[in-house]
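These notes concern the structure reproduced below.
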Amino acid sequence: MTTLNNKYLKKDEFTGTWENVENKERLYFEAAKSFQVVKMCEQNSYQQGVYEVENKDLILKSDKKQGAEVYLKANFTVKDDVLTLINNDKATVYKRIR
């Protein structure tokens, strides 16, 4: 039970709801290392999957076991409820709202 709790159910620095400060896109990090992205005013505005952290890279990918599609791989920092993702020299800033 402890292994299950520590590996899949434990909250980490990402757990919660984050909002993009520029376009109000929402990023939800949930239990079992899962995530959802909800984009405003776009077709295919919903993505979900699992996330991993490798060194200081955050990787968002589909939850398919084989052939998982990587949606995003970005360097990250979390400080004072602000998540900054840096991908290809472009910084995207999210503020924790829950």
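Would you mind calculating the gained length between ASP81 and ALA68 on full extension (0.36 nm times residue separation, minus the Cα-Cα distance), in nm to one decimal?
That works out to 1.8 nm of additional length.
Among 81-94, 26-39, how do they line up from the highest to the lowest mean number of other beta-carbon atoms within 10 Å?
Listed from highest to lowest mean packing, they are 26-39, 81-94.
When the C-alpha atoms of the stretch 2-96 are aligned to their principal axes, what extent does each axis show, in angstrom, from largest down?
Extents along the principal axes, in whole Å: 40, 32, 22.
Taking the Cβ of THR77 as the center, what net charge do the other residues with Cβ under 14 Å away carry, scoring Lys and Arg +1 and Asp and Glu -1?
0
FYI, it's all coordinate maths here, none of it is from the lab. All values reported here derive from a predicted model rather than from experimental measurement. Quick reminder, even Gly has a Cβ in these numbers, built from the backbone with ideal geometry, and neighbours come from all protein chains shown.
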